[in-house]
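What follows is one structure encoded as structure tokens, with my remarks underneath.
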Amino acid sequence: METTLSAIKPTGQLTLGNYLGALRNFPKFQDESKNIIFIADLHALTLPIAPEVLRENTRDVAAFYLAAGLDPKKTIIFLQSMVHQHSELSTIIGNYAYMGEMSRMTQFKEKSSHLNEKSIGLGIFTYPVLMAADIVLYNATKVPVGEDQKQHVELCRNLVTRFNHLYGDILTLPEPVIPTVGARIMSLSDPTKKMSKSDPKGDIFLKDDEKTIRKKIMSAVTDMETSVHYDKVNKPGISNLMTIYASIKNITIEDVEKEFVGSNYGTFKRAVADAIVAELTPFQNRYREIIASGELDRVLKEGAEQASQIAEVTLEKVKKAIGLYQVK
Ligand code: ATP
Ligand code: MG
């Protein structure tokens, strides 16, 4: 049986990119595989964040998981920081990761490039090791992520192969699962950059109200042409809006092109805004109900207990394999 695992970091307010690239796809797996989805709160510490903001974001990600349709009876939902095995395994497998390969990680380069070397925390560098531990603890076979996380899953695969070569068939080799449309939603203000919750310019937030969503879409950067067709290099803004539309409507880019032949940008943008509003309104209502229900802490507590049981088995196997003394 397959095990699917994924997570979102509570680093900021969730965006439409997180929704289309990750969140919306998570519930699909709970009926066909073992499903483990957690809130990567330890990963959220890699760049400075205020304690109260971290707390609120964490609660929000949990509520969004349930609002997106994750069912705690079918999916194990928990906070990374409540399952100590993540940190422990990370300490162990970090010894099998090399400085060279870690330095080549695009996310590390992007997130640290504007920082002074003296103020780059170690966590942002070692992040992919903790992520590898997150994945292998649960013997995950499938990791649904957006395009940007593919490299980290590849690093995890390299670590697994290296570790197993040394110690036998201990860790399970995971595979990334990338959506065909919506894997990389771009910023509305600079469509050459990824939409990111930690860089809020050009984002649509999952908590934005209808008016804000419409305003943001209508003022999204486009180009001087008038026809709605896909050309990522010369028309990154329009192409991004087409991707958003296709992804929400579950249609192909060609379908979008056909639908808007002869339409001007204003008409097209209004249709995109309508689609986003129609998708997010029921989702936001469910989110509010979940927050009001007061159920979240129970879900997270039970999830952590279940997760910890599985994680402990892997951790013990690893400790034994590498020769950490086993007291009987
Ligand atoms: P941060 O800026 O803190 O890294 P983020 O928006 O990149 O935030 P993550 O927590 O790193 O979000 O990623 C959560 C999930 O959302 C991952 O599966 C990631 O691949 C996906 N994701 C993030 N941004 C996008 C995007 N613009 N388009 C599609 N998927 C995305
Ligand atoms: Mg990210």
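Just checking, does the range 42-52 include any residue being at pLDDT 95 or above and assigned to a strand (DSSP E or B)?
Looking through the range 42-52, none of the residues is at pLDDT 95 or above and assigned to a strand (DSSP E or B).
Taking LEU188, is it more than 9 Å from ligand 1 (Cβ to nearest atom) and over 30 Å from THR314 (Cα atoms)?
Yes, satisfied.
Evaluate the following for LYS193: is it free of Cβ contacts under 8 Å to residues at least 12 places away in the same chain and either hydrophobic (A, V, I, L, M, F, W, C) or within 16 Å of ligand 2 (Cβ to nearest atom) (or both)?
So LYS193 passes the test.
Looking at the range 64-86, is at least one residue outside any loop (DSSP other than H, G, I, E, B), within 16 Å of ligand 2 (Cβ to nearest atom), open to solvent by 10 Å² or more (accessible area, probe 1.4 Å) and of a type outside the set (Lys, Arg)?
No, that holds for no residue.
Across the range 41-61, what is the number of residues that are farther than 16 Å from SER308 by Cβ and within 14 Å of ligand 1 (Cβ to nearest atom)?
Number of matching residues: 13.
Of all residues in the range 134-148, how many are within 12 Å of ligand 2 (Cβ to nearest atom) and either outside any helix (DSSP H, G or I) or modelled with pLDDT of 95 or more (or both)?
Matching residues across the range 134-148 total 2.
Please work out which residue is farthest from the chain's Cα centre (by Cα), limiting yourself to the range 138-162 and to residues that are free of Cβ contacts under 8 Å to residues at least 40 places away in the same chain and more than 16 Å from ligand 1 (Cβ to nearest atom).
My answer is THR161.
Filter the range 267-288 for residues that are farther than 20 Å from THR15 by Cβ and touching a residue at least 12 places away in the same chain (Cβ under 8 Å) and give the result. Reasoning before the result, please.
Step one: of the range 267-288, the residues farther than 20 Å from THR15 by Cβ are 267-268, 270-271.
Within the range 267-288, PHE268, ARG270, ALA271 meet the criteria.
Residue by residue through the range 105-118, note down the ones that are surrounded by 11 or more Cβ atoms within 10 Å (Cβ to Cβ) and part of a loop (DSSP other than H, G, I, E, B). Outline the logic, then answer.
The first filter runs over the range 105-118 and keeps only residues surrounded by 11 or more Cβ atoms within 10 Å (Cβ to Cβ), leaving 105-108, 110-112, 115.
MET105, LEU115 - these are the residues of the range 105-118 that are surrounded by 11 or more Cβ atoms within 10 Å (Cβ to Cβ) and part of a loop (DSSP other than H, G, I, E, B).
Those residues that are over 16 Å from LYS215 (Cα atoms), among the aliphatic types (A, V, I, L, M) and part of a helix (DSSP H, G or I), I need them from the range 245-286; list them, please.
Selection gives ALA246, ILE248, ILE253, VAL256.
Within the range 301-314, can one find any residue that is over 23 Å from the mean Cα position of the chain (by Cα) and touching a residue at least 60 places away in the same chain (Cβ under 8 Å)?
Within the range 301-314, one or more residues are over 23 Å from the mean Cα position of the chain (by Cα) and touching a residue at least 60 places away in the same chain (Cβ under 8 Å).
Could you tell me which numbered condition ILE36 fails, if it satisfies all but one of (1) closer than 16 Å to GLU302 by Cβ; (2) open to solvent by 20 Å² or more (accessible area, probe 1.4 Å)?
Checking ILE36 against (1) closer than 16 Å to GLU302 by Cβ; (2) open to solvent by 20 Å² or more (accessible area, probe 1.4 Å), the one that fails is (2).
Exactly one of (1) of a type in the set (Gly, Ala, Ser); (2) over 20 Å from VAL277 (Cα atoms); (3) modelled with pLDDT of 95 or more is unmet by SER198. Its number?
(3) is the only condition that SER198 fails.
Return the only residue of GLU279, GLU305, GLU312, GLU257 being open to solvent by less than 80 Å² (accessible area, probe 1.4 Å), out of contact with any strand residue (DSSP E or B) (no Cβ under 6 Å at 6 or more places or on another chain) and within 30 Å of TYR167 (Cβ to Cβ).
Values: GLU279 fails: within 30 Å of TYR167 (Cβ to Cβ); GLU305 fails: open to solvent by less than 80 Å² (accessible area, probe 1.4 Å); GLU257 fails: within 30 Å of TYR167 (Cβ to Cβ).
Selected residue: GLU312, the only one of GLU279, GLU305, GLU312, GLU257 that is open to solvent by less than 80 Å² (accessible area, probe 1.4 Å), out of contact with any strand residue (DSSP E or B) (no Cβ under 6 Å at 6 or more places or on another chain) and within 30 Å of TYR167 (Cβ to Cβ).
Where residues in the range 201-212 are modelled with pLDDT of 95 or more and out of contact with any strand residue (DSSP E or B) (no Cβ under 9 Å at 6 or more places or on another chain), which of them is least open to solvent (accessible area, probe 1.4 Å)?
Going through the qualifying residues, I end up with ASP208.
The values are calculated or read from the model by the stated rules, or taken from the named source; none is laboratory data. Because the structure is a prediction, the values reported are computed rather than measured. Reconstructed Cβ throughout: ideal geometry from the backbone, glycine too, with neighbour counts over all protein chains shown. These area figures cover heavy atoms from the full protein model, side chains too; ligands, DNA and RNA do not enter into them. Shrake-Rupley method; radii C 1.70, N 1.55, O 1.52, S 1.80 Å.
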